[in-house]
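One structure is given here, and the rest of the page talks about it.
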Amino acid sequence: MLGSFYRLGEKHPAKVFARNTTQAKTYLSNAAVGGNYAAMASMAELELQEKNYREAMLWAQVYAYFTMEDAKKIKAKSNFAYEADLLKRIMRQAEKQKTPVLDSEFMLDFDNFFKVHGETIQASHRRDASA
C-alpha cells in the first residue's frame, strides 16, 4: 500500500504522501518479490513512467508469467487484457526511444530474476492457497 501511495503521490485518492519514486520502488519491489502481483504490475508501470523500459519489461513479464500460471492452476478463463496492454505500451515507448528491450541480455535478466526470486514468489502463493 505504501508503495502505491508514494508512486501516485497527490494523484492517489488518499493523498497521503507526495510522489517519491525512490520510496515507491523500495516498497513495491519488496512486495513484488514477496509475491504480490499488484506490486509487480505497479513496478512495471513505475519503471515505464521513469522511462526505464528494460526494467519495466522485466516486471511486466514477471507479472504476466505469474498471473497466467495462477490462472492455469484454477482453470480461469481470462483474456489477460491488462497484461497485453502493459507489454504493448512498454514496447511502443521503447521503440519510440530506440531502446532495445527484448534481446538475449533480457532473457538472461529474466532467468536470473527467477533464479533469485522465483521460489520465494511461488512459496508465498502456496502459503496463501493453503491458508
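The values are calculated or read from the model by the stated rules, or taken from the named source; none is laboratory data. Everything quoted here is computed from the prediction, not taken from an experiment. Reconstructed Cβ throughout: ideal geometry from the backbone, glycine too, with neighbour counts over all protein chains shown. Note: areas computed on protein heavy atoms with side chains; ligands, DNA, RNA excluded. Shrake-Rupley method; radii C 1.70, N 1.55, O 1.52, S 1.80 Å.
Considering only C-alpha atoms, what is the centroid distance from the range 52-100 to the range 102-122, in Å?
After rounding, the separation between the Cα centres reads 14 Å.
Work out the length of the dipole vector of the range 1-98 about its Cα centre, built from +1 on the beta-carbon of each Lys and Arg and -1 on the beta-carbon of each Asp and Glu, and round it to the nearest 20 debye.
Rounded to the nearest 20 debye, it is 200 debye.
Put +1 on the Cβ of each Lys and Arg and -1 on the Cβ of each Asp and Glu in the chain; which of Val101, Ser4, Gln122 then has its Cα farthest toward the positive end of the dipole?
After comparing all options, I get Ser4.
What residue among Leu58, Leu102, Leu28 shows peak mean-square fluctuation when the chain is described by a Gaussian network model with Cα springs under 10 Å?
Taking springs between Cα atoms under 10 Å, the residue moving most is Leu102.
Ignoring ligands, DNA and RNA, how do Thr67, Thr120 rank by accessible area with a 1.4 Å probe, largest first?
Thr120, Thr67
Which residue fluctuates most in the GNM of the chain (Cα springs below 10 Å): Ala32, Ala41, Ala81?
Greatest mean-square fluctuation among the candidates belongs to Ala81.
Of the heavy-atom accessible surface of the chain (probe 1.4 angstrom), what whole percent is carbon and sulfur? Intermediate values should be presented prior to the final figure.
On the way: 4310 of 7970 Å².
Carbon and sulfur together cover 54 percent of it.
Before anything else, pin down the relative contact order of the range 1-77: Cα pairs under 8 Å, at least 6 apart, normalised by residue count, whole percent.
Working: 89 pairs, mean separation 15.1, N = 77.
About 20 percent, as a whole number.
Got the relative contact order for the chain handy, in percent, Cα pairs under 8 Å and 6 or more residues apart?
Numbers: 132 pairs, mean separation 26.1, N = 131.
Over the chain, the number comes to 20 percent.
Run the helix sum for the chain: -39,500 (n - 2.57) per DSSP H stretch of 4+ residues, divided by residue count, reported at 222 nm to the nearest 500 deg cm²/dmol.
-22500 deg cm²/dmol
Determine the per residue accessible area of the chain with all protein chains present and a 1.4 angstrom probe, expressed in square angstrom.
Ligands and nucleic acids excluded, the figure is 61 Å² per residue.
List the aspartates and glutamates whose Cα lies under 13 Å from the Cα of Lys88, skipping any in the same chain that are fewer than 8 positions away.
Candidates past the 8-residue exclusion: Glu45.
If I compute log10 I(q)/I(0) by the Debye sum over Cα atoms at q = 0.15, 0.18, 0.22 Å⁻¹ from the structure I just sent, which labelled value in [x] -0.76, -1.06, -1.36; [y] -0.78, -0.97, -1.26; [z] -0.71, -0.97, -1.34 lines up?
[x]
Can you give me the solvent accessible area of Lys96 with a 1.4 Å probe, rounded to the nearest 10 Å²?
For Lys96, the solvent-accessible surface is approximately 130 Å².
Within the chain, which DSSP H helices have Cα atoms that stretch 15 Å or more along the helix axis and a mean Kyte-Doolittle hydropathy of at least -0.5?
Going by DSSP H runs, the hits are 21-33, 37-49, 53-73.
What FRET efficiency comes out for Arg92 versus Lys11 if R0 is 30 angstrom and r is the Cβ-Cβ distance? Round to the nearest 0.05.
That pair, Arg92 with Lys11, gives E of 0.85.
Could you identify which residue out of Tyr37, Tyr65, Tyr53 has the top mean-square fluctuation in a GNM of the chain using Cα springs shorter than 10 Å?
Ranking Tyr37, Tyr65, Tyr53 by mean-square fluctuation puts Tyr65 first.
Taking 0.36 nm per residue of sequence separation and subtracting the Cα-Cα distance, how much length would be gained by fully extending the chain between Glu69 and Gln122, in nm to one decimal?
Result: 18.1 nm gained on full extension.
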